[in-house]
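The structure under discussion appears below in the form of C-alpha cells.
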Amino acid sequence: MTKNVLLYILTDTLASGSDVISSMAAALVAVDLASNSFQSGLILFSASIPYVLFGLAGGVVADRVDKRRLMIWCDLVRAMLLSLIPLAAAFHRLTVPVLIGSLLLASSVRAFYFPARKGLTPDLVADEVLLNQLNLYLNATESLGGIIMPIVGSVLLLWTHAIPDLFWIPVTTLFISALAVYLIRLPKQLPSLGATPLNDLMQGLALVFSQRSPLRYLVAAFATAIVAEAGVIKIALPKILTAMHLSHNVSYGLAIGLMASAEVGMSFLWVKRRASRSPTWIFGGYAVRAGGLALLAMGLGIGSLPLLMGAIVVQGIGMPISGPSLTTALQTHTPRPLIGKVMAIRSTIGNLSDGASYLLIGGLLEVLSLDRVLWLCMTLAALSALTFLILWSRHPVSQSWERGQAG
C-alpha cells in the first residue's frame with residue numbers, strides 16, 4: 001500500500017470511529033435526558049435534519065472544491081462543535097435544546113465531509129478490483145474503530161460515570177484525522193464544474209433515480225434496511241440489555257464493540273472472495289442482517305444472553321457483505337465529475353433513513369412490546385431485501401453489470 005492509502009485508511013478509521021462514539025454517546029445522553037422512548041428518537045432524529053437542508057448541496061460543493069481541504073476544515077469544525085456538549089455538562093447547562101443544537105450543527109458539517117471523503121477514494125487506486133478491495137479494507141478498519149471506541153468509552157464511563165465526557169473521544173480523533181488528511185499528497189485536480197450547481201445536482205439525481213439506472217434499487221434497499229435496523233440498534237438495544245438485567249451504559253458499548261469485531265473479521269474474509277464484487281451480494285448482506293434481527297427477538301423472548309450475543313455477531317457479519325459492495329457499485333458506475341454528488345445522495349438518504357428509523361422505532365416502542373417491534377423490523381428488512389433483489393435481477397442494465405463482474 002502507498003503512503004497516501006495508509007494515511008487515508010488512518011483518517012477514515014479515525015473519522016468513522018468518531019462517528020461511532022458520537023452516535024453511542026448521543027444515544028445514551030438522549031436516553032438519560034428524554035422522558036420517553038419517542039422523545040429519545042426525536043432527539044436522535046434531529047441530527048438527520050441537516051441532511052434535508054445540506055445533504056445534496058454537500059456533494060455539489062465537494063465536486064467544486066479541493067476535497068482534501070474540505071475534509072480538513074470539516075474535521076476541525078466538527079471537533080469544536082462536539083466539544084460544546086461535555087463543556088455544557090461540566091457547567092450543568094446540558095439540556096435537550098443544547099444537545100439537539102450541537103448535534104444539528106455537527107451533522108450540518110458532516111453533510112459536506114462524507115461526499116468529499118468517499119469522492120476522494122477512487123483517486124487513490126488504479127482500477128475497480130483495487131477499489132473494491134480498498135473499500136473492504138476501509139470497512140474493516142472502520143469497524144476496528146467501532147470496536148476500540150466503544151470499549152474505550154465503556155472504560156471511560158467506569159472511571160467518570162459522566163456520559164457527556166464520551167464526546168471528548170471524537171473531539172480528539174477528529175483533530176488527528178485532520179492532520180492525517182493534511183499529510184496526503186495527490187496531484188492537483190481541476191474541480192468538476194457543471195453549468196450551474198443546480199445542473200450539477202440534477203445530473204447526479206438523474207444518474208441514480210432514472211428508470212434506465214438499476215442503482216435506484218440498490219439505494220432503495222439500502223434505505224429500507226436502515227429504517228428497519230438503525231432504531232433497533234440505537235433505541236431498542238439499550239432497552240433489551242436493561243430487560244436482561246445488564247447495565248445499558250456499560251454493556252451497550254461492549255455490544256457495539258462485539259458487532260464491530262464480527263464486521264472486522266468478515267471484512268478481511270470477504271476481501272478475498274471474487275463474488276464480493278457482485279452487486280447482488282448487497283441484498284444478501286441485508287438478508288443476513290434481517291436474520292440478526294430475528295435472533296435478537298428470539299434472544300429477548302427466551303432471555304438468552306448467548307443468543308443475544310449471536311444476534312449481534314450476525315448483524316456485524318452482514319455489514320461488510322452489503323456496505324462496501326454498495327459503495328463500490330456507486331463509485332464504479334458513476335462518472336468522476338458526478339461522484340461527490342452521488343456519494344452525497346447516498347449519505348443524505350442514509351441519514352434521513354436513520355432519522356426515520358429513530359422516530360418509527362421510538363414511536364412503536366410506546367405502543368407495542370419490545371419483542372413485537374423486533375419482529376416487525378425483521379419482517380420489513382427481509383421483505384425489502386427480497387423485493388429489491390427481484391427488481392434488480394430483472395433490470396437489463398444490472399444483468400450486463402453482473403456479466404461484466406463475472407468476466
Fill in the blank from the handout: Helix-only [θ] at 222 nm, the chain, -39500 (n - 2.57) per DSSP H run of 4+, per residue, nearest 500, equals -27500 deg cm²/dmol
Practice task
Select from ILE312, SER102, MET202 the residue farthest towards the positive end of the dipole of the chain; place +1 on Cβ of Lys and Arg, -1 on Cβ of Asp and Glu, and compute about the Cα centre.
Solution key: MET202
Problem - Simple label model, 7 Å out from Cα along Cβ direction - ASP123 to ALA90, nm - result: 3.6 nm
Exercise for the section: Would you mind checking the stretch 320-344 for residues with the amide N under 12 Å from a putative spin-label position 7 Å along Cα→C-beta of ARG69? Expected result: none
Fill in the blank from the handout: Computed from every Cα-Cα pair in the stretch 298-337, P(r) in 10 Å bins starting at 0 and rounded to whole percents is 27, 28, 22, 15, 8, 1
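Note down the magnitude of the dipole of the stretch 42-194 about its Cα centre, charges +1 on Lys and Arg C-beta and -1 on Asp and Glu C-beta and zero elsewhere, to the nearest 20 debye.
360 debye
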Problem - Cleavage-rule hits (trypsin sites (Lys or Arg not before Pro)) in the stretch 49-152: DSSP loop, at most 10 neighbouring Cβ within 10 angstrom - result: ARG93
Fill in the blank from the handout: Over the Cα atoms of the chain the radius of gyration and the largest Cα-Cα distance (Dmax), both in Å, equal 20.1, 62
Practice task
Could you check which residue among HIS92, HIS161, HIS395 shows the biggest mean-square fluctuation in a GNM of the chain with a 10 Å Cα cutoff?
Solution key: HIS92
Practice task
Pick out the long, greasy-scoring helices in the chain: whole DSSP H runs spanning 30 Å or more along their own axis by Cα, mean Kyte-Doolittle at least -0.5.
Solution key: 3-33, 96-120, 128-160, 248-270, 280-302, 305-332, 339-367, 370-393
Handout entry: Radius, Kirkwood style, for the stretch 120-179 when every pair of distinct Cα atoms is counted (Å)
Key = 13.6 Å
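Quote the charge dipole size of the chain about the Cα centre in Debye, to the nearest 20; the model charges only the Cβ of Lys and Arg (+1) and of Asp and Glu (-1).
Details: 27 positive and 18 negative charges, 184 e Å.
Computed about the Cα centre, the dipole is about 880 debye.
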Problem - Positive dipole terminus of the chain, leading residue within GLY231, LEU186, HIS245 (C-beta point charges) - result: LEU186
Practice task
Specify the inter-centroid distance of the stretch 323-366 and the stretch 6-61, based on alpha-carbon positions, in whole Å.
Solution key: 13 Å
Problem - 20 Å cut-off, amide nitrogen to a point 7 angstrom out along LEU205 Cα→Cβ, residues in the stretch 317-353 - result: 334-335, 337-353
Handout entry: Virtual paramagnetic centre 7 Å along Cα→Cβ of THR242, amide N under 18 Å, in the stretch 60-102
Key = 96
Exercise for the section: Please count, across the chain, the pairs of lysine residues with Cα atoms under 15 Å apart that sit 8 or more places apart or on different chains. Expected result: 4
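What length, rounded to one decimal in nm, is gained on full extension from LEU368 through to VAL155, with 0.36 nm per residue of separation minus their alpha-carbon distance?
Values: separation 213, 0.36 × 213 = 76.68 nm, distance 3.37 nm.
Going from the current span to full extension adds 73.3 nm.
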Handout entry: Inter-label distance for LEU386 and LEU130, nm, one decimal - labels placed 7 Å from Cα along Cα-to-Cβ
Key = 4.2 nm
Completion exercise
For the stretch 51-186, the convex hull over Cα atoms projects on average to an area in nm² of 9.3 nm²
Problem - Cβ crowding within 10 Å averaged over residues, with 255-264, 315-324 ranked highest first - result: 315-324, 255-264
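No value in this document is a laboratory result; all are computed from the given coordinates. If you're wondering where the values come from, they're calculated on a predicted model, not measured in any experiment. A quick note on method: Cβ atoms are made from the backbone with ideal geometry, for glycine too, and the neighbour counts reach across all protein chains shown.
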